[in-house]
C-alpha cells in the first residue's frame, strides 16, 4: 500500500469529484483513477460507489477513511520531526475561516507573514460556517479554524480568544426604529429578520438571546453572505443584528442606506477565536500558527493602546 494512493483516496473522499481531487493533488484525472484502483486492489475491496455524483464511499471506504487520515498525519508528523532538527517547519496547514474574519481582523496579513516565515508549509484556507468548521477541526479534517467558538461544539478543542464586539441593529432609514437612540430585543419581536445560515455562530448567538429572553421572531430571509443581508436590510425588507466591527466600507452600495442602532439591555457580543485541537491532536503547523496569531494580536493591541 503506497502513501500516494492513500493521499489520492483521501483527496477524492474529501473533494467529492475526480476533477477537484486531481486538481488538489496536481495530477491528471486518469492518474487519480489509476491510483484509486491500485489501492482497491491492495485492500481487495471497492472503496467508492461507481457512477455517483458526488462520489460516495462504500462501507469499506468509510472504514478506511479515518485510518488513512491517521496514517497520513503520522507520516507528516514523522517528516516534521526530522525537519525540527533543522529548525524548519514543513507539512500542511488547513484552516477554516468565517466569512467576516477578514473584515474585523487582519487575517490575510497574519497568514502572509506566517507563510513568509515558514515557506515549506502548504496552506489551504476554506470559508465555512462556524459550526461546520468546528466539526471539521474536531474530526481532523481541518488543523485549525478562525471562527466564533460555539458552545456545545468545543469538545477536545483549545480556544485562543481574539476579539469580542457588540452586536447592533441594522435597519433602513425609513424604518420606524431608525430614529431611536437604542433598541432592546423586546422592541424587535414583531420585526421581519434577515438572518444568516443556522450554522453561523452569529445566528446561534442571536437565536439563543431571543430564546433566553422568552421572545420569538420572524425570520423572513436566510442568507449566507453579509453583502446580501445588508442589501435586503437597506431595501427595507427586514432588520438584522450585525457585528459592530463589520467593515461596511466593503459594502459601499448599501452602507449609506443603513442605520445602525446600539442594543439596550444585557450585552450581546460576537466573539472571534482561533480554535485548534488539544494536546497531541494539534499539528506542529497549527500550534505555531496559533502562537503567531496570538503574538500578532497582542502586538496590535499594544500599538492601539499606545
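Taken together, the values in this text are just the output of simple stated rules run on the coordinates, not laboratory data. Predicted, not measured: the structure shown is a model, and the values here were computed from it. Neighbour counts run over all protein chains shown; Cβ positions are idealised from the backbone, glycine included.
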Paramagnetic reach from residue 260 in region 160-182 [backbone N under 15 Å; point 7 Å along Cα→Cβ]: 164-173, 182
Rg ratio (alpha-carbon, reference 2.2 N^0.38 Å) - the chain: 1.17
Cα→Cβ-extended label distance, 7 Å offset, between residue 33 and residue 269, nm: 5.6 nm
Tell me the label-point distance for the pair residue 126, residue 50, using the 7 Å Cα-to-Cβ offset, in nm and rounded to one decimal. 2.8 nm
Once the piece of chain linking residue 287 and residue 160 is laid out straight, how much longer is it, given 0.36 nm per residue of separation minus the C-alpha distance between them? 44.6 nm
Against the longest alpha carbon principal axis of the chain, how many degrees, from 0 to 90 and to the nearest 10, is the axis of helix 107-117 turned? 30 degrees
What shape does region 163-270 take by its C-alpha gyration tensor, where a ≥ b ≥ c are the square roots of the eigenvalues and a/c under 1.5 counts as rounded, a/b above b/c as prolate, and the rest as oblate? rounded
Simple label model, 7 Å out from Cα along Cβ direction - residue 139 to residue 208, nm: 2.3 nm
C-alpha long axis of helix 284-305 to longest principal axis of the chain, angle in °: 30 degrees
Longest principal axis of the chain (C-alpha) makes with the long axis of helix 130-139 (C-alpha) an angle, in degrees to the nearest 10, of 20 degrees
The chain: calculated mean residue ellipticity at 222 nm from DSSP helix runs of at least 4, using -39500 (n - 2.57): -14000 deg cm²/dmol
What FRET efficiency comes out for the pair residue 63/residue 92, r = Cβ-Cβ distance, R0 = 22 Å, nearest 0.05? 0.35
